[in-house]
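Below is one structure; the comments refer to it alone.
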Amino acid sequence: MTVDALAEPTDRVGRGWTAALSLSNVAIWVGWYGPLQILLAQQAEDFAPGTGMSKETLLAWVTGVGALVSLVANPFFGALSDRTTGRRGRRTPWIVAGAAGGALSLLLLAGAGGLWVMAVGWCLVQLTLNAAFAAVTAAVPDRVPRLQRGVVGGWLGAAQILGAVAGTGLATAAGGIAAGYVACAVFTMAGVLPYVLRYRDLTLAVVDRPAWSWRSFVAGFWLSPRRYPDFAWAWLTRFLINLSNALVILYLLYYLRDGLRYDDPEQGVLILTAVNSVTLLATVVVGGVRSDRSGRRKPFVMWSGVLMAAATGLLAVWQTWPSTIIVAALLGLGLGVFMSVDFALMTDVLPKALDRGKDLGVINVANALPQVAAPALAAPIVTYLGGYRVLYVVAAVAGLAGAVLVGRIKGVD
């Protein structure tokens, strides 16, 4: 068991293991996307009067602070899971603790009566669910051989979008803000149980754990771009494409309400999420399978990024409800391939087996940092610098830059 925990895996994982891990991922994303798509925006609208802030600014402030917490939490808990030597393994204890903490934090948000409780609750959701997410993603390089990671990454990508749909659906159908949070909390906790109860984690012997010191622990989060250039370029490409996506998603509810004057913006968000999910599911597993069979990663990531950038640019010049549906479909096609193959590419450039959780946590900062940067960019653009058209132009440029820079990765075909 000790050797397996640090060795490069060679035995293929079964469908049951993949399904259970993917369900855990669904549960985590329900806890994130129910609030992000619907509930936080509704609370921001309720709490904004009397704060001196618009609902857009208040939402940007709360989600931005939460994303800052996520920046630290994901690599931190990934590093802790790398060093965990309990008999339940390195990853499972953090999946359980993170999901339970996330559920309790969502219940805190359900009872929020003002801005500060909303902000604290969302920060706690980010802290705890990132602990679970860091452990779930680290389980893949722990257990999955390289030429199976595309398809497993595809199922995890499908789980992410299913979590977004389920979270949005629960938040919409529950019948109120508090009920929406409660529904998301129950799903978040229940969804991780099949994996943690059925599948035994690999354990790390105490003798194999690195000696502890705060100095070396903190220093380990810096990975030199000069020493690990492929890791650095892979991180940057993921950051830019995720930034583009975050700029599109952040104000989607407000765009439908204030930009398009859509009659039922909450329902519109659900429709767009469903359209995006259908097309994403059509490509996310297929893209991973094709990448595994060809042994190539970069072309899939590059062209999926180009497609997403083009779709976002279309949204900037053609702003109608039908065009928004078309854009949602195109983004789903591109994002499906990107999510599965880019995840496999990330695992291919990890420097050391002992630090898989921490290094994937550093890579996951490229998911979280756009949640900080997007509000900082989007709020002034929408309010002062040209509105939604300019916002989507900026998003398209960021996505295209990410797609082009994939070519700088030299160590992966």
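The values are calculated or read from the model by the stated rules, or taken from the named source; none is laboratory data. Bear in mind the structure is a predicted one, so any value in this text is a computation, not a measurement. Note that each Cβ is placed from the backbone with ideal geometry, even for glycine, and that neighbours are counted across all protein chains shown. Protein only, heavy atoms only, side chains kept; ligands, DNA and RNA dropped before computing areas. Shrake-Rupley method; radii C 1.70, N 1.55, O 1.52, S 1.80 Å.
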- Message: Among the listed residues 261, 215, identify the single one that is exposed (fewer than 15 other Cβ atoms within 10 Å of the Cβ) and over 30 Å from residue 388 (Cβ atoms).
- Response: 215
- Query: Among (1) touching a helix residue (DSSP H, G or I) at 6+ places or on another chain (Cβ under 7 Å); (2) among the small types (Gly, Ala, Ser); (3) over 24 Å from residue 78 (Cβ atoms), where does residue 386 come up short?
  - Reply: (1)
- Query: When you go through 202, 223, 193 one by one, which is the residue that is open to solvent by 60 Å² or more (accessible area, probe 1.4 Å) and farther than 30 Å from residue 311 by Cβ?
  - Reply: 193
- When only residues in the range 108-119 that are in a helix (DSSP H, G or I) and within 24 Å of residue 191 (Cα to Cα) count, which is least open to solvent (accessible area, probe 1.4 Å)? 109
- The residue that is nearest to the chain's Cα centre (by Cα), considering only those in the range 241-256 that are modelled with pLDDT of 85 or more and farther than 15 Å from residue 328 by Cα, is 242
- Looking only at the range 168-177, count how many residues are surrounded by 16 or more Cβ atoms within 10 Å (Cβ to Cβ) and either in contact (Cβ under 8 Å) with a residue 60 or more places away in the chain or over 24 Å from the mean Cα position of the chain (by Cα) (or both). 6
- Name the one entry in 141, 145 that is open to solvent by less than 10 Å² (accessible area, probe 1.4 Å) and closer than 24 Å to residue 290 by Cα. 141
- Query: Any residue at all in the range 72-90 that is touching a Ser or Thr at 6+ places or on another chain (Cβ under 6 Å) and farther than 30 Å from residue 177 by Cβ?
  - Reply: yes
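Conditions tested, residue by residue: (1) over 30 Å from residue 262 (Cβ atoms); (2) in contact with a helix residue (DSSP H, G or I) (Cβ under 6 Å, 6 or more places away or on another chain); (3) without any contact (Cβ under 8 Å) to a residue 60 or more places away in the chain.
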position: 296; (1), (2), (3): yes, no, no
position: 312; (1), (2), (3): no, yes, no
position: 317; (1), (2), (3): no, no, no
position: 339; (1), (2), (3): no, yes, no
position: 379; (1), (2), (3): no, yes, no
- Message: Being open to solvent by less than 40 Å² (accessible area, probe 1.4 Å), farther than 25 Å from residue 365 by Cα and assigned to a helix (DSSP H, G or I): is that true of residue 247 here?
- Response: no
- Would you be able to say whether some residue in the range 126-137 is of a type in the set (Ser, Thr, Tyr), closer than 26 Å to residue 44 by Cβ and open to solvent by 20 Å² or more (accessible area, probe 1.4 Å)? yes
- State yes or no: is residue 311 assigned to a helix (DSSP H, G or I) and either farther than 18 Å from residue 151 by Cα or touching a Lys or Arg at 6+ places or on another chain (Cβ under 9 Å) (or both)? yes
- Those residues that are of a type in the set (Gly, Ala, Ser) and either under 17 Å from residue 352 (Cβ atoms) or assigned to a loop (DSSP other than H, G, I, E, B) (or both), I need them from the range 187-224; list them, please. 205, 211, 213, 216, 219, 220, 224
- Of (1) without any contact (Cβ under 8 Å) to a residue 60 or more places away in the chain; (2) outside any loop (DSSP other than H, G, I, E, B); (3) open to solvent by 60 Å² or more (accessible area, probe 1.4 Å), residue 233 satisfies every one except (1)
